[in-house]
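> Let me begin by handing over the structure; questions about it come next.
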Amino acid sequence: MTTDKGEITAEHIISCTGNFARKTGEMVGINTPVIPVEHQYIVTEPHPAILERKAKGLPEMGVLRESDSAWYMREENDGLILGPYEHGAPVCYVNGPSDERIRTLS
């Protein structure tokens, strides 16, 4: 693959682009068969244990995901986010976020 920074050669590629996964896949000729869905989530206030980990320079904790019940928990803003996926949740960004949305995030 050729980028504005030069040629990139890799045996494996990992995309960590969330709602942008389909768009980033298209950039390298890959069809990524995922569609994000709308869902509710809870974000906590900053947590002392997470602030302590961060102060020590430790990496972010991994994502805790329970696939059978369809929920996840991960770090967010020095606290935690808990997000359940409801059955029948409406899809969003069927073709990825709009180009206008992408520009506002840059």
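Here, each number is a calculation from the coordinates, and none is a lab measurement. Not measured: the values here are computed from a predicted model. Because the Cβ atoms are built from the backbone with ideal geometry, glycine has one as well, and the counts that use them run over all protein chains shown.
> Give the order of His12, His39 when sorted by the count of other beta carbons within 10 angstrom, beginning with the fewest.
On the way: His12 4, His39 15.
In increasing order of surrounding Cβ atoms, one gets His12, His39.
> In whole percent, what relative contact order does the stretch 23-106 give with Cα contacts below 8 Å and a gap of six or more residues?
Working: 93 pairs, mean separation 29.9, N = 84.
Here the relative contact order equals 36 percent.
> Further question: If neighbour count is taken as other Cβ atoms inside 10 Å, put Met61, Met73 in order from fewest to most. Numbers along the way, then the final one.
Details: Met61 13, Met73 18.
By the 10 Å Cβ count, ascending: Met61, Met73.
> Here is a follow-up. Along the charge dipole of the stretch 37-90, which of Ile81, Ala70, Gly57 sits closest to the positive end, that is, farthest toward it, with unit charges on the beta carbon of Lys, Arg, Asp and Glu (+1, +1, -1, -1)?
Checking the options against the dipole of the stretch 37-90, the answer is Gly57.
> For the chain, what does -39500 (n - 2.57) per DSSP helix run (n ≥ 4), summed and divided by total residues, give at 222 nm, in deg cm²/dmol to the nearest 500?
On the way: 3 runs with 22 residues, N = 106.
Only helices count here, giving -5500 deg cm²/dmol.
> Turning to a different aspect of this structure: Note the direction-averaged projected area, equal to a quarter of the hull surface, for the Cα convex hull of the stretch 37-90, in nm². Can you show the working numbers first?
On the way: hull surface 16.1 nm².
For the stretch 37-90, the mean projected area of the Cα convex hull comes to 4.0 nm².
> Another question, if that's okay. Would you report the distance distribution of C-alpha pairs in the chain as whole percents per 10 angstrom bin, up to the bin with the largest distance?
In order of increasing distance, the bins hold 12, 30, 35, 21, 2 percent.
> May I ask you to sort Asp4, Asp99 by Cβ crowding, counting other Cβ atoms within 10 Å and putting the fewest first? Intermediate results must be reported in sequence, preceding the final value.
Values: Asp4 4, Asp99 8.
Fewest-to-most ranking of Asp4, Asp99: Asp4, Asp99.
> Among Ile42, Ile14, Ile30, whose mean-square fluctuation peaks in a Gaussian network model of the chain (Cα, cutoff 10 Å)?
Ile14
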